[in-house]
Each structure stands twice: as structure tokens, then as C-alpha cells.
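What follows is calculated from the coordinates using simple rules that are stated; it is not laboratory data. Keep in mind the model is a prediction, meaning the values are calculated, not measured. A quick note on method: Cβ atoms are made from the backbone with ideal geometry, for glycine too, and the neighbour counts reach across all protein chains shown.
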Amino acid sequence: MSIEPLPLDGVVQYPPETVAEYLDKGYWRDQTLSELLFATARQHPDKTAVIDRDRQLTYAQLTDEILRLAAGLQQLGLRRGDRVVVHLPNTYEYIVFVFAFWELGVVPVVAPIAHRRTEIEHFVRIAQARVYITVASDSGTDLAAMAADLKQRWSHLEHTVILDQGGGGAEYQALLSRGTLEHARRCSPQDVALLQISGGTTGVPKLMPHTHQTYGYALRRSVGERGIVFRTIHLLVIPICHSMSTRSPGFLGAFSVGATIVIAPNGSPDTAFPLIEKHRVNRVSLVPPILLAWLNSSLRKSSDLSSLEVIMCGGAKLTETVAARVEPEFGVQLSQSFGMGEGLVVSNPADVDRATSVRYQGRPASEADEIRVVDDEGNDVPPGVAGHLLTRGPSVILGYYRNPEQNALAFTPDGFYRTGDIVERDHRGFIRVVGRSKDQINRGGEKIAPEELENAILAHAGVHNASAIGVDDEILGERVKVYLIPRSPQSASDLTLGKVRQFLRESGLATFKLPDVVEVVDEFPYTAVGKVSKRLQREQN
């Protein structure tokens, strides 16, 4: 069944000639993400698809629940192209919601559960969301009360759905009780499938519009390169809305081949190790801080992790020292990857030699993934020379949602995305991440915009000026350090780490954005043009 694409206002469209090329060469397919799952369910209805704590769903049970939830959501009046904000922890209901929306052609804005009022209200506003879905509370925050307040404040937010803290609950069951739909195509594969969150360097997160086809291409490449097969049992510990948990290879990659995913609420060893032992997990995707916690955990000796075959690691720079420990200490293969929510994903193939797997993050799996490494003037640099990474291709967006100012900065006129990464590329095409050109803090894989944190701190009555930087940390990659100039000598006593964190927490800032270090100073170093020199601040650490 052919359905014409539905353009969304504020989304940069792919040129017709690019669409034709990607379809002709098979990079994009005539398939929605919902159709991908249902095709697998028809082939393997009785295979276990999802394990979430004490719940297990076969592919048939999962798709049945999706169609029942889609019927309930449809009765809320949702139409193709509508936007909704999904703000849930690692729970199987997140997957059911996302696929139910894809079944209807509705576009979810997927937000990490760590986000709070500042971010969620921004998403509700910019996306003109009609529905907000969350849990009653998280880490002491009353999200149900926040949802009620947002609904009262924004007239276009017509409905909220509040799940119990651990998932499920009366409102979820009520949506499931309103009949069922037949699986059918209700949108175009060229439609926007989801608006994903980008950390970025601006004050609030940007939204990345991915279509069913850009996401489908990316997950197929991830599955092929990472060796995900029918027998794979993949442990999902990264926040479920992140690219790593969704398409790299994530639950979409697993579902594309009939594999099984096991959902963990977090990646701590005392949570993850028993799940590996119980369900005989053979693959897992981690970010460097979690990997290091696993390597250093005393629980390793008392846990049966013998089923593990591959540890995949990405999301932030992994030091060679830590990478070199994985295979000898865990007895598994390390599979590094590197990419960004905007689209590109590179990874090391399964048969790569150990020296490459430790030093490099990978190479593109397809000739369609275009890579340029350039100097400050935009000239291509030779292999082995560090430069700025630019990319375009079938998985890369052409612009952020409703953000023309950032698009002018982040994308070249010919469609290359300026990633902000400094990389080296060897003669084989393997990429090694050297650092960041953007003034962005990467704390354990979570991207933090210094400007947003600085603006939040400047609301403190005792702060005259603030400057946030990332400082090297062996576990997190970078910690968040804030330099503060007090308004008066007397107000300095109110600018301790604990008091500043409490102030920011009460202002609604996400927990992972809170500073790790606070230093009160009399003045900042400045550049010749009068800007705060963060380079000099970093050199002081």
C-alpha cells in the first residue's frame, strides 16, 4: 500500500534526487519500523522478544499489546503527524508505546527519564505535543504533579498518561482495554518516525527528526556489522530512548532478526550481573563509565558471566587503557563503536584484530556513509592527521527540528553534518576519536551544554558570573566543573558544591547536568576579544 509522505513543518526535507538515489540503491526500503517488527512476529510468534524483570513477552504477545494500546491511543483523538512526549524509564511499556505510535503514524518525542521540568516543558512547547506520557515519580520528583501543571499551562497538551513508578498501572490498563486495531500501514516510510534528543552545545536540547527509512538503514548496518543474530540475547542497560538502546543495535536491531532483549533498569553490576546469569545474556551495550564499573566490581568473582560473548561500548570516548582490559579480564570480545544521534554510526567489524579493536572506534559499514576529515579551513587532511569530522548519508538528518539558527551552524550547504568531533582516520578508513571541537561536556555519554548550566546558575542571587567546563575524569570521561564569581564576599559561603547542586535541582535541572566540582574565583581569564577563555580554565586543571 502506497501512502504519500507527510512533511512536518520545521523539518528539513531530503531533496527528491537524494530520495530517489537512496531508494534505487537499496539504502532506504519501503518499510516502516512497525512493519519491521510485525514481519518478525509473523515468522517467530512464539520466540521470546522482551524480558523485563518478572515479565516475558513473545513476539506475538508484544505485537498484540501494541495493537491494543494503539486502539486506546487512537480513541484519544491522535492523528498521523501528531507529536507526543514519551518520558519513561527502562521498561517494556516504552517499547509498546513507541510501536503503537508508529502504528498510528504519530511522532514520539523521546526523552530520558533523567530530564526534568526545564527540558520536558521545552519539548512540549516546541513540538506542540498533544500527549505527555511519564511515570508517577522518579528519584523523588513528583512527575504526576508536573504533568498536571504542564497540562494546565499548555492548551495544546490535551492528555497526560501516568504509569506506575515501575511501569503499568490503571491508566495504562485502561488504554489497553479499549479494543484492538488491525496491523496496517497508516503512514509513509518517508514520514518522521521520532524526534530524538540531541545534547548539543546550545541552552536546551535540540530535536532530531528521523524517518522510518533513516532509522531502518542505521539499524540494518548496526546489525550486520555487530553480528546480531536470532540466538542473540541482548542486555539493554543504557537509557532506553538513546540511540544505542534503540538502533545501534538496540531493541530495533534485535527485533529485526528475531533476537531477545533483556531490559535492565540500570547498568550497575549488582543489577546487571544477576540478569546476565539468569537469562544467559550473550551481548550487552555499555558506555565507558559502566564498563569501568564492571571491570572494577568485586561481584565479578561471585557472578557467572560465562554466557557473555561480546561487550559493545560507545557513547563516549573509551581510553585505550580501559579498552585493553576487556578481553583478558572478561574473556569476551570488545566491540567499540562511535556515532551520534544525528545519524552516523561506525563500529569495528566482528573479525577485526585486537590492536584495532582497542585503538579505533570503527569504520562505516557502507560506502553510502560519506566521511570527511578537514582542517580549520575546511580542507581535507591526509590519513593519520587529526581534523574535524563531517558526515552525510542515508542515516544522517539534514537539520534539527524547528531550529534554523543551529542548522546554519551545524550543517554545510551541501548537506554535511559538522559533528564537532576531532578524529584521525587511518589508511583503511578506521576512525579514532581524539577529542571535541564543540564546547560540550560529555559526562559518561550524557551531553551537557555549558550555556544551559551557566544560565541556570546565574539565576542564583549570590552568583555574579558562571563558567562551566569539562575536566578529565578516568571513570566518566569528563566531570562537570563550574567556576563561580560571587556577587559579594559574603555570598561566597552560599556557593558550596552541595548548596549549588541543591539550588539547581530545585530549579528543575536534570540530575546528570549538576556540577561535580565548584570553585569560587575572583575573576575569569578572557580572550583578546573579551570572551571567557575556557581553554585557559581547562589548562588549570
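Using a 7 Å offset from the Cα along the Cα-to-Cβ direction at both residue 350 and residue 375, what is the distance between the two label points in nm, to one decimal?
Reported label-point gap for residue 350 and residue 375 is 4.2 nm.
Which order, highest average first, do 85-96, 381-392 follow once you tally other Cβ atoms within 10 Å for each residue and take the mean per peptide?
Values: 85-96: 24.3, 381-392: 17.4.
Ranked from most to least packed, the peptides come out as 85-96, 381-392.
Separation of segment 479-501 and segment 102-152 by C-alpha centroid, Å?
31
For residue 499, which aspartates and glutamates qualify as cross-link partners when the Cα separation must be under 14 Å and same-chain residues fewer than eight apart are set aside?
Correct list for residue 499: 516, 519.
Which helices, taking whole DSSP H runs in the chain, have alpha carbons extending 18 angstrom or more along the helix axis plus mean Kyte-Doolittle at least 0.5? Spell out each step's value before the answer.
Values: long enough: 59-74 (22 Å, 0.26); 92-104 (19 Å, 1.26); 212-226 (21 Å, -1.25).
Passing helices, by number: 92-104.
Please give the charge dipole size of the chain, origin at the Cα centre, charges +1 on K and R Cβ atoms and -1 on D and E Cβ atoms. Round to the nearest 20 debye. Could you put the intermediate results ahead of the total?
Details: 57 positive and 64 negative charges, 111 e Å.
Dipole of the chain, to the nearest 20 debye: 540 debye.
Which order do the peptides 341-348, 67-74 take when ranked by the mean count of other beta-carbon atoms within 10 Å per residue, highest first?
Values: 341-348: 25.0, 67-74: 22.5.
Highest to lowest by the protection proxy: 341-348, 67-74.
Could you tell me the distance between the Cα centroids of segment 389-434 and segment 308-338, to the nearest Å?
Centre-to-centre (Cα) distance: 25 Å.
I need 373, 84 ordered by Cβ neighbour count within 10 Å, fewest first. Display every interim value, and only then the final one.
On the way: 373 21, 84 28.
Final ranking by Cβ density, sparse to dense: 373, 84.
May I ask you to derive the FRET efficiency for residue 320 and residue 492 from their Cβ-Cβ distance with R0 = 41 Å, giving the value to the nearest 0.05?
Approximately 0.50, to the nearest 0.05.
How would you order 311-319, 234-242, 353-361 from highest to lowest mean count of nearby Cβ atoms within 10 Å? Display every interim value, and only then the final one.
Working: 311-319: 21.9, 234-242: 24.8, 353-361: 17.4.
Result, highest mean Cβ count within 10 Å first: 234-242, 311-319, 353-361.
For the pair residue 507 and residue 170, how long in nm is the line joining their label points, each one 7 Å along Cα→Cβ?
Inter-label distance under the simple model: 3.7 nm.
What is the order of 485, 113, 126, fewest Cβ neighbours within 10 Å to most? Don't jump to the answer; show the numbers that get you there.
Values: 485 16, 113 22, 126 19.
Fewest to most other Cβ atoms nearby, the residues stand as 485, 126, 113.
If each residue of separation counts as 0.36 nm, what is the full-extension length gain between residue 455 and residue 19 once their alpha-carbon separation is subtracted? Working shown, then result.
Numbers: separation 436, 0.36 × 436 = 156.96 nm, distance 4.06 nm.
My answer for the length gained is 152.9 nm.
Just to verify a number: FRET efficiency for residue 295 and residue 136, C-beta to C-beta distance, R0 = 56 Å, to 0.05? Before the final figure, lay out the partial values.
Values: r = 36 Å, r/R0 = 0.63.
Computed FRET efficiency for residue 295 and residue 136: 0.95.
Which order results if 65, 506, 327, 377 are arranged by neighbouring Cβ count within 10 Å, fewest first?
Details: 65 20, 506 8, 327 15, 377 5.
Starting with the residue having the fewest Cβ neighbours, the order is 377, 506, 327, 65.
Considering the values [x] 67, 57, 57; [y] 73, 49, 38; [z] 77, 55, 52, which represents Cα extents along the principal axes in Å as calculated for the structure under consideration?
[x]
Beyond 27 Å between alpha-carbons counts as too far, so tell me which of 317/513; 25/447; 151/206 fall in that bin. Walk me through the intermediate numbers first.
Values: 317/513 18 Å; 25/447 34 Å; 151/206 22 Å.
Among 317/513; 25/447; 151/206, the Cα-Cα distance tops 27 Å for 25/447.
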